[in-house]
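Read the structure below first, then the notes.
The values are calculated or read from the model by the stated rules, or taken from the named source; none is laboratory data. Bear in mind the structure is a predicted one, so any value in this text is a computation, not a measurement. Note that each Cβ is placed from the backbone with ideal geometry, even for glycine, and that neighbours are counted across all protein chains shown. In case anyone asks, the SASA skips ligands and DNA or RNA and just uses the protein heavy atoms, side chains included. Shrake-Rupley method; radii C 1.70, N 1.55, O 1.52, S 1.80 Å.
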Amino acid sequence: MTKLSVNLNKFATLRNARGGNNPDVVKAAIDAQRFGADGITLHPRPDERHIRYDDVREIKKIITTELNIEGNCREQKFMDLVLEVKPEQVTLVPDAIGQLTSDHGWDTIKHKNYLKEIIGVFQKAGIRVSIFVDPIEEMITGAADSGTNRIELYTENYAKLFAAGNKEQAIAPYIIAAKKAQELNLGINAGHDLDLHNLQFFKEKISTLLEVSIGHALICNALYLGFENTIQLYKRQLKSIYA
Ligand code: PXP
């Protein structure tokens, strides 16, 4: 089974636009869980322009599904928050300080020693670690050397090529990367720009996929289709004939 972790950052963006508490992000987490989400993903940033550190604390207290906190481990505030909240999973992204959005995976060879050290800190605290990587075989081998439990395959390029009509070309590097990850005993997550059009094909081709985290497209769909219905539609895409 592939788990759907719903990224709630866009709820927080909307709430922050007016300064009040509408929509209520904690309620959104409870509802997402009630509507079938297998997990909640939150991506706090130091300027708290969407999810705030206190949102993460409140949501962790109230949900019973898995919490995945993703973010930049070079930010001390992020490290402190994750170690305080102790989510089931932390996903480390290699953003520069102050970066707008994640747009590349780790260079797991160049940063091997740093990753080993930081991954060890989280694992010692009982937190499963996933690191964001591009679908490049050497980077997967490097990820295994870093001691991470899982990788999250960065799927923006897949989504772009898929949208341009090149499905097979789009998926090819991910199939190779996933095979390598499996050989090396790494769990496989995926995320970025996955949507109702490209998700099922990805899942069918990467049958070992453990989890996807989806935010932007899912929330856009929810504006038209409703939150509950949208979560169910995404879940259906993950129930391929190979599931
Ligand atoms: N995974 C990572 C590491 C991300 O940074 C993001 C975006 O916050 C996502 C997954 C989800 O991407 P999207 O919002 O395009 O679904």
- Candidates Leu194, Leu218, filtered to the one that is under 14 Å from Ser5 (Cα atoms), open to solvent by less than 10 Å² (accessible area, probe 1.4 Å) and part of a loop (DSSP other than H, G, I, E, B): Leu194
- Considering only residues of the range 67-78 that are surrounded by fewer than 18 Cβ atoms within 10 Å (Cβ to Cβ) and in contact (Cβ under 8 Å) with a residue 24 or more places away in the chain, which is farthest from Gly105 (Cα to Cα)? Lys77
- Checklist (1) at pLDDT 95 or above; (2) more than 28 Å from Ala29 (Cα to Cα) applied to Tyr242, failing item: (1)
- Task: Please work out which one of (1) surrounded by fewer than 22 Cβ atoms within 10 Å (Cβ to Cβ); (2) more than 16 Å from the ligand (Cβ to nearest atom); (3) in a helix (DSSP H, G or I) is the condition Asn185 fails and give its number.
- Result: (3)
- Query: Scanning for something within 14 Å of the ligand (Cβ to nearest atom) and within 18 Å of Ile131 (Cβ to Cβ), does the range 50-63 turn up at least one residue?
  - Reply: no
- Note on the structure: Over the range 202-217, the set of residues more than 6 Å from the ligand (Cβ to nearest atom), of a type in the set (A, V, I, L, M, F, W, C) and in contact (Cβ under 8 Å) with a residue 60 or more places away in the chain is Leu209, Leu210, Val212
- Subset of the range 221-243 (residues that are over 16 Å from the mean Cα position of the chain (by Cα), of a type in the set (D, E, K, R) and not in a loop (DSSP other than H, G, I, E, B)): Glu228, Arg236
- Item | In the range 112-141, residue most open to solvent (accessible area, probe 1.4 Å) [restricted to those that are of a type outside the set (Val, Ile, Thr) and within 16 Å of the ligand (Cβ to nearest atom)] | Arg128
- Message: If I ask for residues that are within 15 Å of the ligand (Cβ to nearest atom) and within 23 Å of Lys86 (Cα to Cα), which ones from the range 1-24 would you list?
- Response: Thr2, Lys3, Leu4, Ser5, Val6, Asn7, Leu8, Asn9, Lys10, Phe11, Ala12
- Within the range 37-62, residues within 20 Å of Tyr234 (Cα to Cα) and either open to solvent by 20 Å² or more (accessible area, probe 1.4 Å) or free of Cβ contacts under 8 Å to residues at least 24 places away in the same chain (or both) come out as Asp38
